[in-house]
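Readers should treat all values here as calculations from the given coordinates under stated rules, not as data from a laboratory. It should be emphasised that the depicted structure is a prediction, and the values quoted were computed from it without experimental measurement. Methodologically, a virtual Cβ is constructed for each residue, glycine included, from the backbone with ideal geometry; neighbour enumeration extends over all protein chains shown.
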Amino acid sequence: MAAPGAMAGSDARVAPPSKPAVLRALTDPGAESYRDWNEARLHPDRLSDYRFIWTTDYCTDGPDRPIGFDFRLACARHDFGYRNYKAIGGFAANRARIDRAFLADLRRKCATYGLLLRPVCSVLAGVYYRAARHYGAPKVSRAEVRRIESASKRAAEDRASR
């Protein structure tokens, strides 16, 4: 993403992108958008003119690290999208896209785990995504996480005994 106020040529100033355009770029489902958002999160002063809302409660009512899978950054970007679109308007029109980005972020996180853990992580990612679609935030109970953990352990034991 180009820096706001970047120079085009030696004398011509290019107008900085609008806040909605930058917000869109930081909340799209792709990996590049996630990298841009994370870089902006680490250096919020670079985009301070936009007055973005960076606060987060991570995974709201769900565990931030269910069974050790670290979903915090996916939840933080989801919060970023929701809070900023609510602040500038356009939340309803962008909610489904922000939720798709959330699922993509969760899936990318799951891809970092080993082959045996990925299926469990993917199931949890789906649960968190469905909760976000239904409630607007991941409202996943610890009991549901334990149920998924138990089911995955039973499946692993069944595979091992064959």
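Laid out as a table, the results:
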read-out: Residue satisfying condition, being without any contact (Cβ under 8 Å) to a residue 12 or more places away in the chain, under 24 Å from LEU42 (Cα atoms), surrounded by fewer than 16 Cβ atoms within 10 Å (Cβ to Cβ) and not hydrophobic (A, V, I, L, M, F, W, C), within set ARG65, ARG72; value: ARG65
read-out: Sole residue being loosely packed, with under 14 Cβ neighbours inside 10 Å and either among the polar types (S, T, N, Q) or under 26 Å from SER150 (Cβ atoms) (or both), chosen from GLY89, GLY114; value: GLY114
read-out: Qualifying residue in the stretch 26-38 (condition: under 18 Å from THR112 (Cβ atoms) and outside any helix (DSSP H, G or I)); value: yes
read-out: Residue match in the stretch 119-131 (condition: surrounded by 19 or more Cβ atoms within 10 Å (Cβ to Cβ), among the polar types (S, T, N, Q) and either part of a helix (DSSP H, G or I) or free of Cβ contacts under 8 Å to residues at least 12 places away in the same chain (or both)); value: no
